[in-house]
Structures are given as C-alpha cells and as structure tokens.
Amino acid sequence: MINPNNEKKVNKLKKNLSWTFFGNLIYAISQWGILVSMTKIGNAEMLGQYSLGLAVSAPIFLFLNFNLRTILVTDMQSENSFVDLLSLRLYSSTLSLMLIILLSFIVYSENTTIIIALVALCKYIESIGDMFQGVNQRYEKMHFVSISQILKGILSWICFTTTLYVFKSLTLAVLSMFLAWTMIVLLFDFLVAKNTLYIYTKHIMSLSAKWGVLKGIIVIAIPLGIVSTLDSLMVNIPRYFLESFQTKEVLGYFSGISYFMIVGNILILALSQSILPKLSKSIAIGNIFEFKKIMKKLVLFALLIGILAILVSIFLGEYILSLVYSEDFISYKNIFVITMITATFWYICTFLSAGINATRKFKSELPIYILSTIVVLIVGFFSIPQYGILGASIALLMGMVSRAIYSVIVLKQLLKILK
C-alpha cells in the first residue's frame, strides 16, 4: 500500500524539480544568448572584456557574500533569523562593490574599469535577490525562485541585445541589464519573500542586527565564503592567465566554449537546489541510509548526463560551434570535447558539494577547494603560456578531477562520524 505522505513528498519534489529545471533552463539560455549577441553583433574582444568583468568581480562577491543562502536553506533548527542574514548580505555586498571598483581603477584601463564596475553592479543586485530567493528555497517554494529566474533571464537578454544592437555599446548594454535585474529584485523577489515570511516590509529592510550577532554568523559562514571564492578562482584562473599571456579575443573563444558546461548543469543545478532541503532533513533526523541512497542516484545521474555531453561534443562539435557562435570556433572542437569531460566531473562535484553542505560541516569543504585550486594554478601556470586555450582546458580538467576524488573521500568520512 502506498503511503499518502510519501506520495505527496515525491509529487512535491517532482514539482519543485520541474519548476527549477525550467527556470534554470530559461535563465541559462538567456545568459548564453547574451554571449551569442556579443559575438554576432559585437566581436570576440567584446566577449573577452565582458568575461574579464565576471572573472574579476565573481571571486570577491562570492567570498564576502559567505554563501549565506546555503546557511538559510539548510538551517532546519532556525538558528539565524532572515533579517540578520539579509543585513549581513547588504553590508558585505556593498563592501564587495567598493573593493572591485577600487581594484579595477588601479589595475585596468578606464574603459575596462567601467565594464567591470557595471558587471559588479549586476552582481550586487543579484546578491540581494539571492537572499530573497533563498527564503522560498528554504520553504521549498521553488516555483517562485524559477519565475524570478525566468523573468531575470528573458528581460536581461532583451534589454542587453536591444541596447547593444541599437547603440553598439557594451557599456550601455550591461547598464540596461543592471536596470532590468534591479526592477525584478524590487518588484518580485522582495515582495514574494515578504509574503512567504509573513512579515512587513519595514521588518525585512530594517537593518537592526547587532554586530555581535553578525559576527557570530560570519564565523560560521567564513568557510563557505572561502569555498565559494576558491570555486570561482579555480574556474577563472585559466581566464586570468589567458588574458595575461594571450589576447582578449582568445579569452573570448575560451569563455564561449566554456559556457557549454552550463547547458548540462541546468538540470544538475535544478536537482541539487530542489534536493538540498530533503538531504538536510535526512541528516537532521539521522536517516543516513536515505541520505546515501539519494546521493548514489544523484552521482549516477550526473555521470550519465556527462557521458551524453561528451558524445555530443565528439560527433556534433563542429556543427554546434558554428551554429551557436561562428565558423571561427570550429578549429576549437578539441577544446569543446575536453570541456565536456571537465563538465562531467563538475556535475558530480555539484551533487557531492550539496551532500556535504547538507551535513552543515562547512569547514570540511575547505581542503577540497584549496587542493583543486592549487592544481589548476600549477598546471595553468606551466601550460597556458605555451599551449594557450588547450593548456587552460587541461588545467581546469585536472582541477575538477582532483576536486571530485577528494569530495568523495570527505563525504564518506563525514557520514562515518554522523552514524
């Protein structure tokens, strides 16, 4: 006989997964559309400049944002209030924005600094919306999160592409995207989160948290901030080397091909976000058997998606590259294949990271990301100056392989402790 409660939980998970997959799919396609627009309307150098803005701003934001959304979503005991977490996010994001602008002013030219600053503004408003989305993820209302992603993706693509086509200006195009995201965060994310929490606007926006409370959250969250930063650095280190030893045009080719990793990750990320509350509950009630069962299925699923992506890159690589970007990309088919192999390990790592975060043993991920970042740094330093994009691809692959192996070891150790 089927347990009605279990059937209800399964249906809820399927609904959340469907919504999350669809939301991530639309958002990823829209962001990909922005990259394509730069290659079709602009050029590879413009794509490289935009990618540099992401590479510079992402690590700083990720560190100072402390991945507070994960703390919010996995907090089954309600140890921290949303107001405290939001207050910390606002303070830390403002500091991130200031640091990025200052760093860019010192290191880069005026034109590049403007692009980086505008990309950082987009990251700033995105980080605020991320906390409001975290509220709905915490209470498994993933349809609200997905609607936000859909609105943000479509509107940003329309604004960016239209502005770029009319004015042929990357600066104005990124500015239009910032304005679109701001509107969605204020008029949708904020209002929905307020209704979900059943509190008034003034309570959400009143930054009344005391320093002692915020300090306590920071102590818990610092490992997550470091992990997020290292995760971003691991992916962006090859870009830094390419920008230094090659050209922005070469960086543009690498960034365009690398984005194919995101395609397969749409479903992986959707499932990871939907299943994280369930994994956290399994750990909270001590149901390690259920936790292991779920994790095995997730890893197997990631492996199957990765193998499919590799086969597609081998047999349809040239066609896809020319169709999506231009014929100039066809010569990089081998990079496409390596990227899909890297993506396979990345998908597995995404699920393993969700499992580790569900245990709330956040410090456990530090050695994983330190090791994988060092691997990318060393391999990239010796290979990229000589082999260019090929060296960058190999460096990223080696980093992901080491990360996957160490993640398995760490998760097994944590489960032994929790038994």
When the solvent-accessible surface of protein heavy atoms is calculated with a 1.4 angstrom probe, in what order do PHE362, PHE21 fall, highest first?
PHE21, PHE362
Projected label distance in nm at ASN287 and ILE409, using a 7 Å step from Cα toward the beta-carbon:
3.2
What is the distance, in nm, between label points placed 7 Å from the Cα along the Cα-to-Cβ direction at PHE105 and at LYS419?
5.7
Sort ARG403, ARG239 from largest to smallest accessible area, using a 1.4 Å probe on the heavy atoms of the protein chains.
ARG239, ARG403
Expressed as a rounded percentage, what relative contact order does segment 23-134 have, with Cα pairs under 8 Å and six or more residues apart?
34
Sorted by packing (mean other beta-carbon atoms within 10 Å per residue), highest first, where do 274-285, 301-312 land?
274-285, 301-312
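Using only alpha carbon pairs under 8 Å that are at least six residues apart, calculate the relative contact order of segment 319-413 and give it in whole percent. Spell out each step's value before the answer.
Details: 83 pairs, mean separation 32.4, N = 95.
For segment 319-413, the relative contact order is 34 percent.
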Pairs beyond 28 Å (Cα-Cα), from LYS14/LYS123; LYS281/LYS416; LYS194/LYS281; LYS40/LYS248; LYS278/LYS412; LYS14/LYS363
LYS14/LYS123; LYS14/LYS363
Sort segment 356-419 into rounded, prolate or oblate with this rule: let a ≥ b ≥ c be the square roots of the eigenvalues of the Cα gyration tensor; rounded if a/c is under 1.5, and if a/c is not under 1.5, prolate when a/b is larger than b/c, oblate otherwise.
prolate
Note on segment 283-419: alpha-carbon gyration tensor, axes a ≥ b ≥ c; rule is a/c under 1.5 for rounded, else prolate if a/b larger than b/c, else oblate; result oblate
Debye, to nearest 20: dipole size of the chain, +1 on Lys, Arg Cβ, -1 on Asp, Glu Cβ:
1680
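Taking the Cβ-Cβ separation of ASN334 and LEU371 as r and a Förster radius of 25 Å, what is the calculated FRET efficiency to the nearest 0.05?
Working: r = 27 Å, r/R0 = 1.08.
Once rounded, the FRET efficiency stands at 0.40.
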The chain: most fluctuating residue of TRP32, TRP19, TRP211 per GNM, C-alpha cutoff 10 Å:
TRP211
So how exposed is LYS141, as accessible area in Å² (1.4 Å probe, rounded to 10)?
80
When only Cα pairs under 8 Å and 6 or more residues apart are kept, what is the percent relative contact order across the chain?
22
Hey, in the GNM for the chain with a 10 angstrom Cα cutoff, which one of ASN24, ASN195, ASN65 fluctuates hardest?
ASN195
Which residue, GLY129, MET261, SER18, has the largest displacement toward the positive end of the dipole of the chain when charges sit on each Cβ (Lys, Arg +1; Asp, Glu -1)?
SER18
Can you match log10 I(q)/I(0) by the Debye sum over Cα atoms at q = 0.07, 0.11, 0.14 Å⁻¹ to one of these, (1) -0.33, -0.84, -1.32; (2) -0.41, -0.91, -1.25; (3) -0.32, -0.84, -1.45, based on a calculation from the structure here?
(3)
Looks like segment 4-151, by Cα gyration tensor root eigenvalues a ≥ b ≥ c and the a/c under 1.5 rounded cutoff (else prolate when a/b is bigger than b/c, oblate otherwise), is oblate
Give me the tail of P(r) for segment 184-317 as a percent: Cα-Cα pairs with distance above 26 Å.
55
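Ignoring ligands, DNA and RNA, what percent of the 1.4 Å accessible area of the chain is carbon and sulfur? Could the numbers behind the result be given before it?
Working: 12930 of 18710 Å².
In the chain, the share of accessible area belonging to carbon and sulfur is 69 percent.
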Nearest-0.05 FRET efficiency for ASN11 and THR247, computed from C-beta distance (R0 51 Å):
0.45
Let me have the 222 nm mean residue ellipticity of the chain computed from DSSP H runs of 4+ only, each contributing -39500 (n - 2.57), with the sum over all residues rounded to the nearest 500.
-30000 deg cm²/dmol
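Quick check for you: with a 1.4 Å probe and neighbouring chains kept, what is the accessible area per residue of the chain, in Å²? Walk me through the intermediate numbers first.
Numbers: 18710 Å² over 419 residues.
Accessible area per residue, the chain: 45 Å².
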Kindly report, to the nearest 10 Å², the accessible surface of PHE381 as traced by a 1.4 Å probe over protein heavy atoms only.
110
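The values are calculated or read from the model by the stated rules, or taken from the named source; none is laboratory data. Because the structure is a prediction, the values reported are computed rather than measured. Quick reminder, even Gly has a Cβ in these numbers, built from the backbone with ideal geometry, and neighbours come from all protein chains shown. Accessible surface is based on the protein model in full, side chains and every heavy atom, while ligands, DNA and RNA are left aside. Shrake-Rupley method; radii C 1.70, N 1.55, O 1.52, S 1.80 Å.
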